Amino acid sequence: MQDLTTPSPTLSDPLHCQLFLSESELAAMYKNEGNAYFGEKDYGRAVRAYSEGLRQRFGDVELRAVLLSNRAAAHCRLGNYRSALADATQARKLKPDHLKAIVRGALCHMELRNYSEAITWCEEGLRIDSKEKKLLEMRCKADKLKRVEERDARKAKAMAKKEQCQKERLLAAIKERNIKLVVEPSSEEEEISGSLAEICLDGFHSDNATGAKVHLDADGNLNWPVLFLYPEHEQTDFIEAFHENSRFIDHLMVMFAELPPWDLERKYLPRNLELYFEDEERAEMYELNPAHTLLQVLQHQRYFVKAGTPTVLAFVKSSPFSKKYFSGKKVHRL
């Protein structure tokens, strides 16, 4: 039987010839037609021609294996590696020693990164022909790539384990400090939990734009991303790593060492500012002492850290805006 390496001339009028040819002869004709298309690098038409051949009802097992193997080669050229592998597998079932089908199947496994399977196919082919160059080269390459893949998998597993340990240490540190986290549930209602077992490790993250997250430093202290809101001007400030033992007043002195361009009235001076946090559950406001540390604020019985980012609101003392803002609200003053 002829394979891709020895194409025969195609028949000029296949449909007319169907009146005179047996199904076996038609299958052979479509095989030759597919080979011609393959030689012209028209792999789509080659696939269709081989498929027409395979639709014929004939008992020549070797011819059917060749058609399948050739279609596998055309599918490979088109990048249809799974279809090519299916054809190569079927060809081998019909003819286990079909070396070209084995080579093409091994190639498909290589392209699909199934390196263990590629090695198996190569070894099975080499039992038929121990000197087959393509199989020798492929087996060597597959073995190297498999080792690299296994090494990378080990590294990824070790990294995942390390990250999991870090997350568990982090959440244990948060629990030890009695800091309460708001975990976003699947339902509309929020659930508040300080229990380590109930906190989803994968879901603990910060929603801030920079992606900064709370972390433990080398001394075992927590550093939080903290968001400052200025409702009067609809402005914000963001501190990526606010040390838990740092005072708010120290950050304000740095943040307002120079007045921001939006402060046209030049009133946002550290000594003029009041800081608050909001208890959303009770719709109440709590004033903070700027001399307190972040940890002292986070440990307040009504402070809940939402989405991994503590938030505070800053107002100018006794300003018309703050008076209007707090009108009708229950405010817990210092």
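The values are calculated or read from the model by the stated rules, or taken from the named source; none is laboratory data. Here the structure is a predicted model, which means the values were calculated and not measured. Cβ: placed from backbone, ideal geometry, glycine included. Neighbour counts: every protein chain shown. Accessible surface areas use protein heavy atoms only, side chains included; no ligands, DNA or RNA. Shrake-Rupley method; radii C 1.70, N 1.55, O 1.52, S 1.80 Å.
The table that follows gives values for the structure above.
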read-out	value
From SER69, SER51, residue being under 26 Å from THR120 (Cβ atoms), hydroxyl-bearing (Ser, Thr, Tyr) and in the same structural domain as ARG104 (by the TED database)	SER69
Positions within segment 254-303 being touching a strand residue (DSSP E or B) at 6+ places or on another chain (Cβ under 9 Å), of a type in the set (Lys, Arg) and more than 24 Å from ILE179 (Cβ to Cβ), in sequence order	LYS267
Odd one out for THR293 among (1) open to solvent by less than 70 Å² (accessible area, probe 1.4 Å); (2) modelled with pLDDT of 95 or more; (3) more than 24 Å from ALA173 (Cα to Cα)	(3)
